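See below for the structure under consideration.
The values are calculated or read from the model by the stated rules, or taken from the named source; none is laboratory data. The structure presented is a predicted model; accordingly, all values stated were derived computationally and were not measured. Quick reminder, even Gly has a Cβ in these numbers, built from the backbone with ideal geometry, and neighbours come from all protein chains shown.
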Amino acid sequence: MSMRAASLYAAFDVFPRAKGSTSHIASMVRGLERAFGSVRLLCLGAPEMPAYQREGAIEIFRYRRRQRDLLTRATGFARFVAGHVRALRGGLRLAVFRDPWGGYPLLRSEPGCPCVFEVNALPSWELGYSRPGLAADPVLLAKLRDMERFCLRGARRLLCVSGVTRRALMAEGVPGGRVEVIPNVAHDAFFAAASLPCSIAALENGEWCGYVGGLQAWQGVETLVDGFARMAAERPRTRLLILHGDTPKMLSAVERRVARAGLGDRVLLHAPLSQEGVAGVLGRLRFTAVPLADTPRNTVQGCCPVKLVESLAAGVPVVASDLAVNREWVRDGEEGLLAPPDDARAWALALRRMFDGGAERDRMAAAARRRAEETFSWRIVHERLHNMFHYTANGGM
């Protein structure tokens, strides 16, 4: 039997799955539980996942209908959210939503409920690169923009993980004082990375750097592979791990690039691991890479790369693209190195410097760990979330 939750979190995402949003959703839900005692999470679910799951004071309800069409699925999820909000009417102290599909029905079904709009992206920002066919429909885009504006106006506070995203929201007309920037959190396992077992035996031989994340074009993995290829012959013991979780089509494109560069025995493409598994792997790497491309996805929409947060928590320095979303957390020559995005030659130089670093790399590793403890730990992030949640629930704007 379900309980009458005091808080609600709506996310048009499958939870859990092997991607950065899972860590972020878990962190937010845990923060709501701490602040209000009970929370109902409304999310998407794969067919093999239970429709209902309870873990202590956290209830998870999953919308598991897997319509192919995005708009059909989004409309169904909106009705799903509206039904739950009506059932909790009058009892919610705070509701948080990640997108208009959850926010629009929530604000209409429970007007006056204190709400936080957690903006990782607005759909109208994303459609241009994720679903260009939908972005080309002016009627659809206008309706979507109306929903977004309704949610931006109706939420008491807006939460994002990057100063870049905050500036994008201000360009939409949102007063800067209503937008809170709180970065992603690093799971405790990453702070214990050095003591965890490593499930990839190959990492015991050679000098390894690594990439953890998706293979979409905006992630910039092509630049990383090409940069590694340029310096690999000079450093025969070096190896590159790509720990991905993407579709066979995306994986095949990276495999072809690796083969063309003659790196078949130097690059390991590996399926996704659990959080603890990833943490154990990070503990065996010399450094990691965050090669984000210079695209609006990174320079306008903004992000706080989970791969970067987790690497710093593990005390592993990074080579990252010299973009504002990375400069927000990494200083060149301190927690890692910054290299121009989309420039394979510059990346080759940065990778070589990091492999050869020795004492410099050790100094960066210590600085990376300090930055993570001061910025991305559960204690720091949840204290900020706790204060923001209560401020919003009690009428703060």
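From (1) on the phi > 0 side of the Ramachandran plot; (2) under 22 Å from the mean Cα position of the chain (by Cα), pick out the condition that doesn't hold for L308.
(1)
From the list V174, V119, pick out the single residue that is more than 25 Å from F61 (Cβ to Cβ) and aliphatic (A, V, I, L, M). Before the answer, list the steps.
On the way: V119 fails: more than 25 Å from F61 (Cβ to Cβ).
From the options V174, V119, the qualifying one is V174.
Filtering the stretch 42-81 down to residues that are among the charged types (D, E, K, R) and part of a helix (DSSP H, G or I), which residue is surrounded by the most Cβ atoms within 10 Å (Cβ to Cβ)? Break it down into steps so the answer makes sense when it comes.
As a first pass, look at the stretch 42-81 and keep what is among the charged types (D, E, K, R): 48, 54-55, 59, 62, 64-66, 68-69, 73, 79.
If we keep only those that are part of a helix (DSSP H, G or I) too, we end up with 73, 79.
Values: R73: 17, R79: 10.
The qualifying residue surrounded by the most Cβ atoms within 10 Å (Cβ to Cβ) is R73.
Of all residues being in contact with a Pro (Cβ under 6 Å, 6 or more places away or on another chain) and part of a loop (DSSP other than H, G, I, E, B) in the stretch 259-294, which is nearest to A314 (Cα to Cα)? Just the residue, please.
A293
Tell me which residues, restricted to the stretch 375-397, are among the aliphatic types (A, V, I, L, M) and either buried (at least 20 other Cβ atoms within 10 Å of the Cβ) or not in a helix (DSSP H, G or I) (or both). So that I can check it myself, show each step before the final result.
From the stretch 375-397, those among the aliphatic types (A, V, I, L, M) are 380-381, 385, 388, 393, 397; that's our starting set.
Answer for the stretch 375-397, where residues must be among the aliphatic types (A, V, I, L, M) and either buried (at least 20 other Cβ atoms within 10 Å of the Cβ) or not in a helix (DSSP H, G or I) (or both): V381, L385, A393, M397.
Run P183 past the list (1) under 27 Å from V330 (Cβ atoms); (2) part of a loop (DSSP other than H, G, I, E, B); (3) of a type outside the set (D, E); (4) free of Cβ contacts under 8 Å to residues at least 40 places away in the same chain and report the number of the one that doesn't hold.
Here P183 clears every test but (4).
Scan the stretch 252-279 for residues that are at positive phi and surrounded by 15 or more Cβ atoms within 10 Å (Cβ to Cβ) and jot them down.
We begin by selecting, within the stretch 252-279, every residue at positive phi; these are 262.
Once the filter is applied, which keeps residues that are at positive phi and surrounded by 15 or more Cβ atoms within 10 Å (Cβ to Cβ), the stretch 252-279 yields nothing.
Looking at R4, is it over 22 Å from M388 (Cα atoms) and in contact with a helix residue (DSSP H, G or I) (Cβ under 9 Å, 6 or more places away or on another chain)? Quick ask: steps written out before the conclusion?
Details: over 22 Å from M388 (Cα atoms): yes; in contact with a helix residue (DSSP H, G or I) (Cβ under 9 Å, 6 or more places away or on another chain): yes.
Yes.
Can you find, within the stretch 244-281, the residue that is modelled with the lowest pLDDT among those that are closer than 21 Å to T22 by Cβ and touching a helix residue (DSSP H, G or I) at 6+ places or on another chain (Cβ under 6 Å)?
The selected residue is Q275.
Any idea which residue in the stretch 181-205 is nearest to G31 (Cα to Cα), counting only those that are surrounded by 17 or more Cβ atoms within 10 Å (Cβ to Cβ) and in contact with a strand residue (DSSP E or B) (Cβ under 8 Å, 6 or more places away or on another chain)?
Out of the qualifying residues, it is I182.
Based on this model, can you work out whether R256 counts as part of a helix (DSSP H, G or I), among the basic types (K, R) and closer than 23 Å to L338 by Cβ?
Working: part of a helix (DSSP H, G or I): yes; among the basic types (K, R): yes; closer than 23 Å to L338 by Cβ: no.
The answer is no for R256.
Looking at G227, is it in a strand (DSSP E or B), small (G, A, S), assigned by TED's automatic domain parsing to the domain that holds R327 and in contact (Cβ under 8 Å) with a residue 24 or more places away in the chain? Before you say what the answer is, go through the steps one by one.
Working: in a strand (DSSP E or B): no; small (G, A, S): yes; assigned by TED's automatic domain parsing to the domain that holds R327: yes; in contact (Cβ under 8 Å) with a residue 24 or more places away in the chain: yes.
For G227, the condition - in a strand (DSSP E or B), small (G, A, S), assigned by TED's automatic domain parsing to the domain that holds R327 and in contact (Cβ under 8 Å) with a residue 24 or more places away in the chain - is not met.
Do you know which residues across the stretch 355-375 are within 25 Å of the chain's Cα centre (by Cα) and of a type in the set (A, V, I, L, M, F, W, C)? Walk me through it before giving the result.
First, the residues of the stretch 355-375 that are within 25 Å of the chain's Cα centre (by Cα): 364-375.
Within the stretch 355-375, M364, A365, A366, A367, A368, A372 meet the criteria.
When the stretch 230-245 is examined, which residues are found to be surrounded by 20 or more Cβ atoms within 10 Å (Cβ to Cβ) and part of a loop (DSSP other than H, G, I, E, B)?
Scanning the stretch 230-245 gives a single hit, H244.
In the stretch 350-359, is there at least one residue being in contact (Cβ under 8 Å) with a residue 40 or more places away in the chain and touching a Ser or Thr at 6+ places or on another chain (Cβ under 7 Å)?
Yes - at least one qualifying residue is present in the stretch 350-359.
Quick one: which of R73, R30, R62 is in contact with a strand residue (DSSP E or B) (Cβ under 9 Å, 6 or more places away or on another chain) and without any contact (Cβ under 8 Å) to a residue 40 or more places away in the chain? Explain how you work it out, then say what you get.
On the way: R30 fails: without any contact (Cβ under 8 Å) to a residue 40 or more places away in the chain; R62 fails: without any contact (Cβ under 8 Å) to a residue 40 or more places away in the chain.
After ruling out the rest, the residue left standing is R73.
Residue by residue through the stretch 295-313, note down the ones that are aliphatic (A, V, I, L, M) and either closer than 22 Å to E204 by Cα or part of a loop (DSSP other than H, G, I, E, B) (or both). Spell out how you get there, then give the answer.
Of the stretch 295-313, the ones aliphatic (A, V, I, L, M) are 300, 306, 308-309, 312-313.
Hits for the stretch 295-313 are V300, L312, A313.
Quick check on this structure: which one of V330, V316 is part of a loop (DSSP other than H, G, I, E, B), closer than 30 Å to P197 by Cβ, without any contact (Cβ under 8 Å) to a residue 60 or more places away in the chain and in the same structural domain as Q219 (by TED's automatic domain parsing)?
Going through V330, V316 in turn, the sole match is V330.
Take the residues in the stretch 97-143 that are surrounded by fewer than 21 Cβ atoms within 10 Å (Cβ to Cβ), without any contact (Cβ under 8 Å) to a residue 60 or more places away in the chain and of a type in the set (A, V, I, L, M); name whichever of them is farthest from T295 (Cα to Cα).
V139
Quick check on G214: is it farther than 27 Å from L273 by Cα and assigned to a loop (DSSP other than H, G, I, E, B)? First the steps, then the outcome.
Numbers: farther than 27 Å from L273 by Cα: no; assigned to a loop (DSSP other than H, G, I, E, B): yes.
No, not satisfied.
Working only within the stretch 208-248, note down all residues that are under 16 Å from A346 (Cβ atoms) and among the basic types (K, R).
Answer for the stretch 208-248, where residues must be under 16 Å from A346 (Cβ atoms) and among the basic types (K, R): just R230.
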